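The values are calculated or read from the model by the stated rules, or taken from the named source; none is laboratory data. Only a predicted model underlies this, so the values are computations on that prediction, with no experimental measurement involved. Neighbour counts run over all protein chains shown; Cβ positions are idealised from the backbone, glycine included. Each accessible area value is taken on the protein alone, full model and side chains, heavy atoms only, with ligands, DNA and RNA left out. Shrake-Rupley method; radii C 1.70, N 1.55, O 1.52, S 1.80 Å.
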Amino acid sequence: MAHGSGGKETSDLIASIFAKHFNNPILAKMEDSAVIPGCARIAMTTDSFVVKPVFFPGGDIGKIAVCGTVNDLAMSGSTPKYLTCGFILEEGAEFEAIERIVASMAKAAKEANVIIVGGDTKVIEGSGGIYINTAGVGFMDVSGFEASSSFCAKGDVVILSGTLGDHHAAILSARMNIENEIKSDCAPLHVMASALVQSGLKVKSMRDVTRGGLATVLHEFAVASKACIRIEEKEIPVSPQVLGLTGILGLDPLYMANEGKMVTVVAKEDAEKALELMRKSPYGAHAAIIGTVIPGDTGTLLLHTATGGTRTLTELYGEGLPRIC
Amino acid sequence: MTDYRTFLGEYDGKPMRIMEVCGTHTAAISHCGIPSLLSPKIELISGPGCPVCVTVTEYIDRLVALSLESNTVVATFGDMIRVPGTSKSLQDARADGAKFRMVYSPLDLIKLAREETDKTFVFAAVGFETTIAVYASLLDELIAQGIRNVKLLTSLKTMPLVIDWVCRSKSGIDGFLAPGHVSVITGSDLFAPIAKEHTIPFAVAGFEGEQILVALYALVKLINAHEGRVMNMYPSVVTAEGNKTAQKLIAKYFESSDAAWRGMGVIPRSGMKLRAEYEAYDAGSENLYSDRGHNAQCRCAKVITGAEKPSACPLFGSVCTPQTPQGACMVSSEGSCHSYFANRRR
């Protein structure tokens, strides 16, 4: 496969797939770099995606590559604007699969209201693998908004945007050839985050809940804020299908990966309003208040279990599951 | 609050030590926060029911050696990859060229073996009665489909005699939360002779928090009444006689044998091995008895037998963590040390 040579084959690949699907005036110039309008403060991030299989119920590597970076930008309080994407293709990667993935990226970018302004393709030896890196820029256009994992304070309330574990369970089911109804939750959360950012409510911390799961994120909040966070197992939404699978495989939804969920910590007086905003946003129908910041040992995350006991949660140790996003 | 919860929380009688034998119970107890609901007079001790944890180092060494042989690939459940042998785990040996695959079910081997006929797949067949039944099904399939390039490296354990060993040791266990999954196969009657001989009660329990609490309540009552009998508190799936079909399938391929247990040495007739007529499927499992951990201070052996809690080990939480496990109990999520560490149990 000579498509990574930089010559004719490369430009054919770009023209036939990337330019066709990502078509926009900035990309169309085909310059070495995109020159684009900016903003006084920008948020910038990058992420690489190596999920296997590349197609799975509810999404594909392209959709994740867009949503993942969009969500990282949105969680910092910015409005996602521009993405670049780098493809690393192993020899043997199928043209048809690449096109499906690129089309899926274009669709996700449209929904997330971002423009893909630059890209790169490399071909390496291998056996058909497809890997994507996306970098993104967001505009910090709401003045005065600042959220941080270190801002949680006693009395604050923890809100989760929906059910846990769907992405992890979908990937696992695909790998194990288990037929079920579970779909990845892969989705852009920019509308939900923006609703919170623009609301003027006292939003202390926001984070998308990806690898490592909810427990890992909240443990980090507790440590960074020198706070004690307690969550209620009974309030944490998990779909019956995911719960069934975790029961069989001995997985814990609190540590499972998601691709379209966020958790936020807000001041107690604003909790109900924030919950309503999240529920009204796309992908937030099952949002729920799941816990509070309580007086207690600092840097501690506690789970009040459905059985009525209390368990201390740590960050995820070990692999969980390799190559899941 | 229901009565049994109040009873367990406020219990102020004779201090007692109850052993949960099965690793799945250890994980469920941590998961549900059960220790926080018990009076300090009721102590839960994890027993030898995590298959990875009771595996001796010579077995791991043999597995590593096989993974380095040409055209041989080791297939295993995930946990086994990180268990340290005398000097290395499978994962450590990857840099030397160790070849291994993680599978979710032994039956995944059928597909692997059919796709890659030039390789021999060796499955790390560890486990108790429940898993032995699955290995028997695998052999049924291998034979039916005429697949010759799959072998088992067995380290198979059975329950009753190791519990008898614990009763005879000086670990001072007053009662047992008997393994639910194993009992499905063997039946709850299996524990009756030991209960009687040692006057120690057993409760066969399910894995939900509520089921565990009720079983603990029953055990505390029986211990105080000095009643050595078996209570089946998981009757929806466990019968007195067990699953006869599974028992027959196991007996078709496997026979009783001596087995080496981490921390306990060789216990006669406490394991199973492939019957002589199926020797062709064995990857050299005989006489893997030696057990020398690579860190001499590791107390896995004492933890498994209930003699010490994980937190009593000098390595626990400092040198030995889930990222740098020194012994098998810190590797598996069903291992006592991992469970204590991950849930900050003390």
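Out of A:Glu276, A:Glu315, I need the residue that is in a loop (DSSP other than H, G, I, E, B) and either open to solvent by 20 Å² or more (accessible area, probe 1.4 Å) or within 14 Å of chain B (Cβ to nearest Cβ) (or both). Which one?
Answer to the check: A:Glu315.
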### Query
Taking the condition among the β-branched types (Val, Ile, Thr), more than 14 Å from every other protein chain (Cβ to nearest Cβ) and part of a helix (DSSP H, G or I), does B:Val64 pass?
yes
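Restricting attention to region B:322-335, which residues are within 12 Å of chain A (Cβ to nearest Cβ) and within 20 Å of the chain's Cα centre (by Cα)? Show your work before the answer.
Kept after step one, since they are within 12 Å of chain A (Cβ to nearest Cβ), are these residues of region B:322-335: B:322-325, B:330-335.
Within region B:322-335, B:Pro322, B:Pro325, B:Met330, B:Val331, B:Ser332, B:Ser333, B:Glu334, B:Gly335 qualify.
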### Summary
Listed by first then second residue, the pairs whose first member lies in region A:240-266 and is within 13 Å of another protein chain (Cβ to nearest Cβ) and under 20 Å from A:Asn177 (Cα atoms), whose partner is outside any helix (DSSP H, G or I) and of a type in the set (D, E, K, R), with beta carbons under 9 Å and at least 6 positions apart or on separate chains, are A:Thr246/A:Asp252; A:Gly250/B:Glu334
#### Entry: Residues (assigned to a helix (DSSP H, G or I) and farther than 22 Å from B:Gln323 by Cβ) located in region B:68-82
B:Leu68
### Message
Tell me whether region A:182-189 contains one or more residues that are within 22 Å of A:Leu245 (Cβ to Cβ) and either among the basic types (Lys, Arg) or more than 12 Å from the chain's Cα centre (by Cα) (or both).
### Response
yes
### Query
Would a scan of region B:336-344 turn up a residue that is in contact with a Gly (Cβ under 9 Å, 6 or more places away or on another chain), more than 14 Å from chain A (Cβ to nearest Cβ) and either acidic (Asp, Glu) or open to solvent by 20 Å² or more (accessible area, probe 1.4 Å) (or both)?
no
### Message
Which pairs turn up if I take residues in region A:271-294 that are under 22 Å from A:Lys183 (Cβ atoms) and look for partners that are open to solvent by less than 50 Å² (accessible area, probe 1.4 Å) and among the polar types (S, T, N, Q) with beta carbon separation below 6 Å, at least 6 apart in sequence or on another chain?
### Response
A:Met278/A:Ser161; A:Gly284/A:Ser161; A:His286/A:Thr163; A:Ala287/A:Ser161
### Summary
Residue hits (region B:248-282; on the phi > 0 side of the Ramachandran plot and not in a strand (DSSP E or B)) are B:Gly263
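Kindly evaluate A:Ala285 against the criterion of being in a loop (DSSP other than H, G, I, E, B), in contact with an Asp or Glu (Cβ under 7 Å, 6 or more places away or on another chain) and surrounded by fewer than 23 Cβ atoms within 10 Å (Cβ to Cβ). Walk me through how you get there before you give the answer.
On the way: in a loop (DSSP other than H, G, I, E, B): yes; in contact with an Asp or Glu (Cβ under 7 Å, 6 or more places away or on another chain): no; surrounded by fewer than 23 Cβ atoms within 10 Å (Cβ to Cβ): yes.
Judged against the criteria, A:Ala285 is not a match.
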### Task
Might you check whether a residue that is assigned by TED's automatic domain parsing to the domain that holds B:Gly175, under 29 Å from A:Ala215 (Cα atoms), surrounded by 23 or more Cβ atoms within 10 Å (Cβ to Cβ) and out of contact with any helix residue (DSSP H, G or I) (no Cβ under 8 Å at 6 or more places or on another chain) occurs anywhere in region B:43-50?
yes
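I'm checking my understanding of the structure. Among residues of region B:1-48 that are in a strand (DSSP E or B) and within 14 Å of another protein chain (Cβ to nearest Cβ), which one is nearest to B:Leu156 (Cα to Cα)?
Residue satisfying both the conditions and the ranking: B:Cys22.
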### Message
Going through B:Ala133, B:Ala178 one at a time, which residue ends up being under 29 Å from B:Ala28 (Cβ atoms), open to solvent by 10 Å² or more (accessible area, probe 1.4 Å) and among the aliphatic types (A, V, I, L, M)?
### Response
B:Ala133
